[in-house]
Amino acid sequence: LPIPSALRWLAVGLLVPVLALLTASLRALGTNYRGGVGLYGNHTLVSGGPYRRIRHPIYLAFISIMVLVLVLSANWVLGATGLLLVTSIAVVRIPIEERELHERFGAEWETYRARTGAILPRIAS
């Protein structure tokens, strides 16, 4: 892809806040982090750190990383396949995770869900 070098350098700079989001999200989850879908027996509802505004900041970080890989690599095959992969994982897993969280946390989950966006923060009305 004919991506200007200035845009590619911007992507390098944007990797820092995206990696910070990923790190902060993993830290906020702490022992609740699970590589796969499912809740632990002692799982708690995390609503602090990046989870204060969005319910799935790790997916946002991975999708953002793949957008940046597309720009940095200037290779549409590499970028598009990576972006398609992480986006499809998020699309499949988010409804499953949200159903499980609703089943476990009920009204607390619904209150949290009502005030946060799934991947992007809700715009205050």
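Is there a residue in the range 75-83 that is under 26 Å from ILE3 (Cα atoms), within 14 Å of the chain's Cα centre (by Cα) and of a type outside the set (Val, Ile, Thr)? Walk me through it before giving the result.
Filtering the range 75-83 down to residues under 26 Å from ILE3 (Cα atoms) leaves 75-83.
Right, trim to within 14 Å of the chain's Cα centre (by Cα) and you get 83.
Next cut, of a type outside the set (Val, Ile, Thr) only: 83.
Yes, some residue in the range 75-83 is under 26 Å from ILE3 (Cα atoms), within 14 Å of the chain's Cα centre (by Cα) and of a type outside the set (Val, Ile, Thr).
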Taking first residues from the range 89-104 that are farther than 22 Å from GLY41 by Cβ and among the hydrophobic types (A, V, I, L, M, F, W, C) and second residues anywhere that are open to solvent by less than 50 Å² (accessible area, probe 1.4 Å) and in a helix (DSSP H, G or I), the pairs with Cβ under 6 Å that are 6 or more apart or on different chains are ALA90/TYR59
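Just to verify a result, which residue in the range 1-34, among those that are small (Gly, Ala, Ser) and farther than 17 Å from VAL71 by Cβ, is surrounded by the most Cβ atoms within 10 Å (Cβ to Cβ)? First the steps, then the outcome.
As a first pass, look at the range 1-34 and keep what is small (Gly, Ala, Ser): 5-6, 11, 13, 20, 24-25, 28, 30.
From what's left, farther than 17 Å from VAL71 by Cβ: 20, 24-25, 28, 30.
Values: ALA20: 12, ALA24: 15, SER25: 21, ALA28: 18, GLY30: 10.
So, considering only residues that are small (Gly, Ala, Ser) and farther than 17 Å from VAL71 by Cβ, the one surrounded by the most Cβ atoms within 10 Å (Cβ to Cβ) is SER25.
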Per the list (1) surrounded by fewer than 13 Cβ atoms within 10 Å (Cβ to Cβ); (2) at pLDDT 95 or above; (3) at negative phi; (4) not charged (D, E, K, R), residue check on SER125 breaks on (2)
Over the range 49-77, the set of residues out of contact with any helix residue (DSSP H, G or I) (no Cβ under 7 Å at 6 or more places or on another chain) and without any contact (Cβ under 8 Å) to a residue 24 or more places away in the chain is VAL77
| Flag for VAL37 being at negative phi, in contact with an Asp or Glu (Cβ under 7 Å, 6 or more places away or on another chain) and either open to solvent by 40 Å² or more (accessible area, probe 1.4 Å) or assigned to a strand (DSSP E or B) (or both) | yes
All conditions in (1) in a loop (DSSP other than H, G, I, E, B); (2) under 15 Å from THR116 (Cβ atoms) are true of HIS43 except (2)
Filter the range 46-81 for residues that are in a loop (DSSP other than H, G, I, E, B) and among the polar types (S, T, N, Q); the one that is least open to solvent (accessible area, probe 1.4 Å) is SER47
Residue pairs qualifying under the 8 Å Cβ cut-off, at least six apart or on distinct chains, with the first in the range 5-27 being free of Cβ contacts under 8 Å to residues at least 60 places away in the same chain and the second being of a type in the set (Phe, Trp, Tyr) and open to solvent by 70 Å² or more (accessible area, probe 1.4 Å), are LEU22/PHE62; LEU26/TYR33
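The values are calculated or read from the model by the stated rules, or taken from the named source; none is laboratory data. Quantities reported herein were computed from a predicted structural model and do not represent experimental measurements. Cβ sites come from the backbone with ideal geometry, for glycine too, and all protein chains shown count toward neighbours. SASA here: full protein model, heavy atoms, side chains in, ligands and nucleic acids out. Shrake-Rupley method; radii C 1.70, N 1.55, O 1.52, S 1.80 Å.
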